[in-house]
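Coordinate-derived values only; no laboratory data. Everything numeric in this text was worked out from a predicted model, so none of it was measured. Virtual Cβ from ideal backbone geometry, glycine too; neighbours counted across all protein chains shown.
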There are 2 protein chains.
Amino acid sequence: MEKRDQEKHRERQQRLKAKVDAKVAAASEERGVLLVLTGNGKGKSTAGFGTVLRAVGHGKRCAVAQFIKGQWECGERNILTELGVPFYVMDTGFTWDTQDRAADTAAAEAVWAQIRRALADPAVDLVLLDELTYMLSYHYLDVEAVCDAIAARPPHQHVVITGRACHRRLLEMADTVSEITPVKHAFEAGIKAQAGLDW
Amino acid sequence: MEKRDQEKHRERQQRLKAKVDAKVAAASEERGVLLVLTGNGKGKSTAGFGTVLRAVGHGKRCAVAQFIKGQWECGERNILTELGVPFYVMDTGFTWDTQDRAADTAAAEAVWAQIRRALADPAVDLVLLDELTYMLSYHYLDVEAVCDAIAARPPHQHVVITGRACHRRLLEMADTVSEITPVKHAFEAGIKAQAGLDW
């Protein structure tokens, strides 16, 4: 490589570093973050479970509520429960398999009753509310009750919410919101969902 | 709840179920998928590591290359290496800490030489190329060599690529592409990066 290229690269990287350093210096607050992973693309739940894995890897205590996919087999649950992370899962299948609104509401409320205890527990560092958004879209859970419990959580506790079409109230409360957009999806090209990649 | 609401909900869910069932029936091909997680939002690497966790939870064999963040502490690496997943990591820090293009190129090539063996190994079910995109943006790795190795991999092997500004060639090759957009980020509001959430 030419010496000039090397010099230009170094200058560019130094400017980038200066910018990043300034931002890092300005970001001094340390507290629990509400992270929302929404949008129609693949990666919301995997990022949610990836965050739990990351936290467990630092010795943090986590709790997981799995709305919607409770009865499905789930690779990440196999490992994380072995690592001591409690899972609270819906005891119905996908809502369109039951098609019974009253039973779904009761199942959602049962999971909520369990996970809200974690949301009030200062010993819990991170709570994942996987697929929570649908519980609010379908009015299975009350948005006010959910927002109140999240707002009243211990100050250091992180909360991660995943699911499409997240309620406006939660987006407003959130510290970080990522919108995951499907540019393309293998499923649309005729590739079936596969163990280890899709669940 | 009124009986009519219940009936309407059931009908809506039945239509949704019919649509999903038809799509599931149409998606019959089973093969290795190239998944790209790109964009500027939070969640790309966590979704990548979440996918590895999911695969390991199904007893799949995985391999991970970590470009860029090699020397940083990393919660997910702590757990996944214990679970037997090999990690190949860059032995330099963030590129703007070294600001040495020749050394960075050599470090990237060393990781690539290791992970390309996994990309050619039929015993490996899933390969994560974390932060690969920057290696191509910076011309540390040759895009043709990377595309060729991915195209020639065993047919059942999944590959996950994470990082901003993914190269057009990889986007074209990919089966699934998710663009993760930052709607907002705690960091911009002065909250510092925290162990267990951000690394």
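Phi angles across the range B:108-113 convert, under the Karplus curve 6.51 cos²θ - 1.76 cosθ + 1.60 with θ = phi - 60°, into 3J(HN,Hα) values of 5, 5, 5, 5, 4, 4 Hz, Gly and Pro given as x.
For the range A:165-171, the Karplus equation 6.51 cos²θ - 1.76 cosθ + 1.60, evaluated at θ = phi - 60°, returns couplings of 6, 5, 4, 3, 4, 6, 5 Hz by residue, with Gly and Pro reported as x.
The H on the amide N of residue A:184, modeled in the peptide plane, is under 5 Å from the matching H of B:177, each at least 5 residues off or on a different chain.
Across chain A, C-alpha contacts under 8 Å between residues 6 or more apart give a mean separation that, scaled by the residue count, equals a relative contact order of 33 percent. Under a 5 Å amide H cut-off, with hydrogens placed 1.01 Å from N, residue A:40 pairs with A:180 among residues at least 5 apart or on other chains.
Placing a label point 7 Å from Cα along the Cα-to-Cβ direction at residue A:152 gives distances to the equivalent points in the other copies of 6.2 nm, listed shortest first. Helix B:44-57 and the long axis of chain B differ in direction by around 70°, with both axes built from C-alpha atoms.
Using a 7 Å projection from Cα along Cα-to-Cβ, the label point at residue B:139 is separated from the same position in the remaining copies by 6.1 nm, smallest value first.
Take residue A:183, push a point 7 Å out from Cα through the beta-carbon direction, and compare it with the same point in every other copy: 2.1 nm, smallest first.
What is the Cα radius of gyration of the protein assembly as shown over 2.2 N^0.38 Å, N being its residue count?
Normalised Cα radius of gyration, the protein assembly as shown: 1.00.
If you wrap the Cα atoms of chain B in a convex hull and average its projected area over all directions, you get 15.1 nm².
Exceedance of the 25 Å cut-off in Cα-Cα distance is limited, within the set A:17/A:42; A:8/B:184; A:17/B:42; A:8/B:192, to A:17/A:42; A:8/B:184; A:8/B:192.
D by Stokes-Einstein for the range A:1-92, Kirkwood Rh over Cα pairs, 37 °C, 0.692 mPa s: 192 µm²/s.
Against chain A, whose longest principal axis comes from its Cα atoms, helix A:3-26 is set at around 50 degrees.
Shielding value for B:11-19 is 3, the average number of Cβ atoms from other chains within 10 Å of each residue's Cβ. Averaged across the residues of A:24-30, what count of C-beta atoms belonging to other chains lies within 10 Å of each residue's C-beta? Mean shielding count: 4. Rounded to whole numbers, the Karplus 3J(HN,Hα) couplings from phi for the range A:186-195 are 3, 4, 5, 8, x, 8, 7, 5, 10, 4 Hz, using 6.51 cos²θ - 1.76 cosθ + 1.60 with θ = phi - 60°, and x at Gly and Pro.
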